[in-house]
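Heads up: the structure comes next, in structure tokens.
Computed from the coordinates by the stated procedures, all read-outs in this text should not be read as laboratory data. Remember, it's a predicted structure, so these values are computed and weren't measured experimentally. When we count neighbours, we look across all protein chains shown, and the Cβ atoms used for this are built from the backbone with ideal geometry, even at glycine.
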Amino acid sequence: MSQTILLTGGAGFIGSHCALALLEAGHRVVILDNFATSDRSVVAAIRALAQADVPLVEADIRDRCAVAEALRAHGVDAVVHLAALKAVAESVERPLAYYDNNVGGMVSLLAAMDEVGVRQLIYSSSATVYGEPEQLPLREDHPLRATNPYGQTKLVGEQLLADLAAADERWRVVSLRYFNPVGAHPSGLIGENPKDRPNNLMPLLVRAARGRRDGDNEACLSVFGTDYPTPDGSGARDYLHVMDLAAGHCAALSALRADRPPVQAFNLGTGRGTSVLELIATFERVTGHHVPYRLAERRPGDVAELVADPAAARDALGWVARRGVEAMCRDSWQFATRGEAAS
Ligand code: UFG
């Protein structure tokens, strides 16, 4: 059934891919973004790729009146809430900004939704809510705990939704716990914003591969940790193509039904771990570009391995990740080098 979806953070990395997936599935999409960490040109790219008129509301989720007005004006049925700050290290330095945006912003958004009578929400959560894993692969019933302010804000968000749904049976919410989203749209026109200061492995890996081309000696990638209990000693993660992640949001929309539990949480991952060294080797093979790297100390706060058990999303949503690490590397590289002559 076609619905009108308000997509907060719709111009971001995950939001832009979700917008396209939702439009392709026949929904109407309204993007709400404050462009704090995204670019206006992304909205134009979404419109061009979808060949659709995608309304844009330039507003902050903390502006309750603006959000309520957008919900009313566009006749919104459900909200996909992605707008948040997401850098772990920055959250340690600026906890107030994280609580303000991620928790305060969510309270304000939910209050606006309640006021207008829109009580269906998909929430962008994270595998970070599991903290240090006690058992792998991670199932949704693994104990939840945060190990940094960013993770704490994601966990508070999930708890807030549970409290809200317990207080008012009209709410339907699905939390999606993302593992490590990478890759880009196969068009090469949207991807991870290159303006962001990269913190995550794939953008840093791409920068290292490009840096060598550009004569930038600083771009050597550090492989954080060589003595983890993994086959090659480097850390392993469950990398997930952002196109598969976007498809997961479409699948989750269908679970916002009266006959489903009011609060549901699903892992979005592939169920397969890839080490840092494996990812580098695959990237080099797929793109034909060398990645300069050096072996380095473990990064504080990192764990050896994080891998999802994605069975619940498969069983309840009919969702499975289809794209492999090769496609993730190829599409990340294509986006990073768009518009450049092949070399
Ligand atoms: N890594 C390196 N070198 C780098 C950057 C990362 O070796 O320069 C390694 C890390 O040690 C880790 C792996 O690459 O083993 C992935 O690191 P990322 O920073 O890309 O991702 P994380 O798994 O640390 O964190 C991500 C998100 C968080 C989220 C978490 C959930 O960035 O927001 O997944 O599990 F909370």
Positions within region 300-326 being away from the ligand (no atom under 16 Å from the Cβ) and part of a loop (DSSP other than H, G, I, E, B), in sequence order: GLY318, TRP319, VAL320, ARG322, ARG323, GLY324
Filter result (closer than 22 Å to GLY105 by Cα, over 18 Å from the mean Cα position of the chain (by Cα) and loosely packed, with under 14 Cβ neighbours inside 10 Å) within region 23-54: ARG40
Matching option when the condition is within 16 Å of the ligand (Cβ to nearest atom) and in contact with a Lys or Arg (Cβ under 8 Å, 6 or more places away or on another chain), among LEU201, LEU205: LEU201
Pairs with Cβ under 9 Å, 6+ apart, first in region 168-191 and of a type in the set (A, V, I, L, M), second within 14 Å of the ligand (Cβ to nearest atom) and assigned to a loop (DSSP other than H, G, I, E, B): VAL182/GLU192; VAL182/ASN200; ALA184/GLU192
Matching entry among VAL76, VAL80 (being under 20 Å from ARG119 (Cβ atoms), away from the ligand (no atom under 16 Å from the Cβ) and part of a strand (DSSP E or B)): VAL80
Residue count for region 103-153, restricted to those that are at positive phi and more than 19 Å from the chain's Cα centre (by Cα): 1
